[in-house]
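Participant: Quick one: the structure is below, questions incoming.
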Amino acid sequence: MEFTINNEHFKKAMKEVSRAISYKTPLPILTGVKVIANQDSLTLIGSNSNIVIEKTIPAVIDGLRIVDIYHTGSIVISAKYLHEIVKKLPDHIHVKANDNHTVTIQSADIITSLNGMNADEYPSIPEMDESQVVTITGKDFIDIIKQTSFAVSKNESRPILTGVLMLFQQGRLTVAATNSHRLALREHMIESNIHKSFIVPSSCLNELTKLIDHESDIIEIHATENHIAFSMNNSSIFSRLIEGNYPSIHELIPKDAKTVITVNTKQLLNGIDRASLFANEWTNNNIHIEIVDKSKLKISSNSSQIGQIEEIQSVKTLSGESELSISLDGSFLMDALRVINEEDISISFGGSMKPILIQPLSNISHLHLISPVRTY
């Protein structure tokens, strides 16, 4: 295998695929990046066995020659050292691997040799059914993931809740995440010939948002029984799916409410942020919300060691019962409010010990459900 490549493109590709590599793996081959020189492109692959990132660099991009392939072939090279070497090289990079898996890397008068590994021992990429595909714009997908994935559980004792549910139906994609104390849900209209649900590790989706270069990119989604793949702009990420039955999310959403208010999103977020100064994780980040004077919202928190804070905010509309008192996790509230792009929201209350429902007024396809916390 032998090729010459533009160092900036090589550096960028190495940075992308290195995100999938774990140096704590018991499999030495997975500490390396697989380099494949084809007739008209160079492909880099990084994997930790759960996630695979593949990046293809075409020989010509926008009319400029990026890669010259002299001899095709493949080899696995230590990702850590290859990445560090490439970052420090000043000019185009010439790479040559011999039959003994020794790799010579040259840029200008700088020559480095690395011991490579046999590419045949590297795990193969999962095969996808090309006929089963869903497409979505990068902008829409980034918004959907940012508005849901934060709500996954950080507790590995229930692996299924560490993943994000992606439900493909006729004309609709539903994405949801929950840790059993809160739920974030988004729906989006799409054209789909996949009719199934998948539980995708949140780590995969978070890495995917970093790979999307342009919000105008079109993302192709493919899935099998055990894997899901996202492809765009010469990059792909493959992930194992989480097995199990996800909670029935639509049954969690309350159908009625005793009180419904509408408020300004940013105003409420700022108030919760201020009240959180005196809340802490030892008291579940308790923020107390109460309706006063039948038309205003009082937000407060207190700490016996520090002090207390409270403020009164105006409510745009109020329907139903005008007496309300509930305690909520302030960090959960801020997480939800920060990802809502709309100016105003409605908040539905079912009682002091019932979950609250938050929805943007102009976007009913986006909602958050937050359970109250006990104050005793």
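Participant: What trypsin sites (Lys or Arg not before Pro) in the range 128-203 are in a loop by DSSP, with at most 10 other Cβ atoms within 10 Å of the Cβ?
Facilitator: Passing both the DSSP loop test and the Cβ count: Lys154.
Participant: Something else about it: Could you tell me how many degrees, from 0 to 90 and to the nearest 10, lie between the Cα long axis of helix 265-275 and the main elongation axis, the longest principal axis, of the Cα atoms of the chain?
Facilitator: Roughly 80 degrees between the two axes.
Participant: Using a Gaussian network model on the chain with a 10 Å cutoff between Cα atoms, which of Ile61, Ile199, Ile228 fluctuates the most?
Facilitator: Maximum fluctuation in the GNM of the chain, among the listed residues, is at Ile61.
Participant: How many Å³ per residue does the convex hull of the Cα positions in the range 22-70 occupy?
Facilitator: With only Cα atoms used, the range 22-70 gives 81 Å³ per residue.
Participant: Would you mind checking the range 129-148 for residues with the amide N under 12 Å from a putative spin-label position 7 Å along Cα→C-beta of Glu220?
Facilitator: Of the residues in the range 129-148, 129-136 have backbone N under 12 Å from the label point off Glu220.
Participant: Against the longest alpha carbon principal axis of the chain, how many degrees, from 0 to 90 and to the nearest 10, is the axis of helix 202-211 turned?
Facilitator: With both axes taken from Cα atoms, the answer is about 60 degrees.
Participant: Tell me, what ³J(HN,Hα) does each residue in the range 83-88 have, in order and in whole Hz, if you take phi through Karplus 6.51 cos²θ - 1.76 cosθ + 1.60 with θ = phi - 60° and put x for Gly and Pro?
Facilitator: In residue order, the calculated couplings are 4, 5, 5, 4, 4, 9 Hz.
Participant: How far is it, in nm, from the label point at His71 to the one at Leu277 when both lie 7 Å from their Cα along the line to the Cβ?
Facilitator: The two pseudo-label positions are separated by 6.9 nm.
Participant: Still on this model: How much length, in nm to one decimal, is gained on full extension between Glu323 and Arg158, taken as 0.36 nm per residue of separation minus their Cα-Cα distance?
Facilitator: This chain segment gains 55.7 nm when fully extended.
Participant: Can you give the extra length, in nm with one decimal, that the chain gains between Ile125 and Lys12 once fully stretched, where that is 0.36 nm per residue apart less the Cα-Cα distance?
Facilitator: The Ile125-Lys12 span can extend by a further 38.5 nm.
Participant: Okay, moving on. Could you name the lysines in cross-link range of Lys316, using Cα to Cα under 30 Å and dropping any fewer than eight places away on the same chain?
Facilitator: Reachable lysines: Lys146, Lys255, Lys258, Lys266, Lys294, Lys296, Lys298, Lys354.
Participant: How are the Cα pair distances of the range 128-204 distributed, in percent, across 5 Å bins from 0?
Facilitator: P(r) over the range 128-204, rounded to whole percents: 3, 16, 25, 25, 17, 10, 4, 0.
Participant: A further question on this structure: Helix 7-18 versus the longest principal axis of the chain: what angle, 0 to 90°, nearest 10, using Cα atoms?
Facilitator: The helix 7-18 is inclined about 60 degrees to the chain.
Participant: When the Cα atoms of the range 76-158 are enclosed in a convex hull and the volume is divided per residue, what value in Å³ results?
Facilitator: Each residue corresponds to 245 Å³ of Cα convex hull volume.
Participant: Considering every pair of different Cα atoms, what Kirkwood radius, in Å, is found for the range 288-356?
Facilitator: 13.4
Participant: Continuing with this model, one more query. Give the relative contact order (percent, whole number) for the chain; include only Cα pairs under 8 Å separated by 6+ residues.
Facilitator: 12
Participant: Right, something else. Around Ile309, under 15 Å between beta carbons, what's the net of Lys plus Arg minus Asp minus Glu among the other residues?
Facilitator: Residues close to Ile309 contribute a combined charge of -2.
Participant: Additional query: Can you give me the long-range amide H partners of Val339? Hydrogens built in the peptide plane at 1.01 Å from N, cutoff under 5 Å, separation of 5 or more residues or another chain.
Facilitator: Answer set, sorted by chain and number: none.
Participant: Separate question: What ranking of Ser239, Ser304 comes out by heavy-atom accessible area, probe 1.4 Å, highest first?
Facilitator: Result, largest first: Ser304, Ser239.
Participant: Considering every Cα-Cα pair within the range 181-298, what fraction, in whole percent, is farther apart than 25 Å?
Facilitator: Value for the range 181-298: 51 percent of Cα pairs lie more than 25 Å apart.
Participant: First measure r as the distance between the Cβ atoms of Leu64 and Met189, then evaluate 1/(1 + (r/R0)^6) with R0 = 51 Å and state the FRET efficiency to the nearest 0.05.
Facilitator: 0.85
Participant: Still on this structure, please answer the following. If I model the chain as equal point scatterers sitting on the Cα atoms and use the Debye formula, what is log10 I(q)/I(0) at q = 0.07, 0.08, 0.09, 0.12 Å⁻¹?
Facilitator: -0.42, -0.53, -0.64, -0.93
Participant: Picking from Asp109, Asp140, Asp213, which is most flexible by a Gaussian network model of the chain using Cα springs under 10 Å?
Facilitator: So, out of Asp109, Asp140, Asp213, the one fluctuating most is Asp109.
Participant: Spin-label point model (7 Å from Cα, Cβ direction): what's the Glu243 to Ala108 distance in nm?
Facilitator: 5.4
The values are calculated or read from the model by the stated rules, or taken from the named source; none is laboratory data. If you're wondering where the values come from, they're calculated on a predicted model, not measured in any experiment. For neighbour counting, all protein chains shown are included, and Cβ atoms are generated from backbone atoms with ideal geometry for every residue, glycine included. Calculation scope for accessible area: heavy atoms of the full protein, side chains included, ligands and nucleic acids excluded. Shrake-Rupley method; radii C 1.70, N 1.55, O 1.52, S 1.80 Å.
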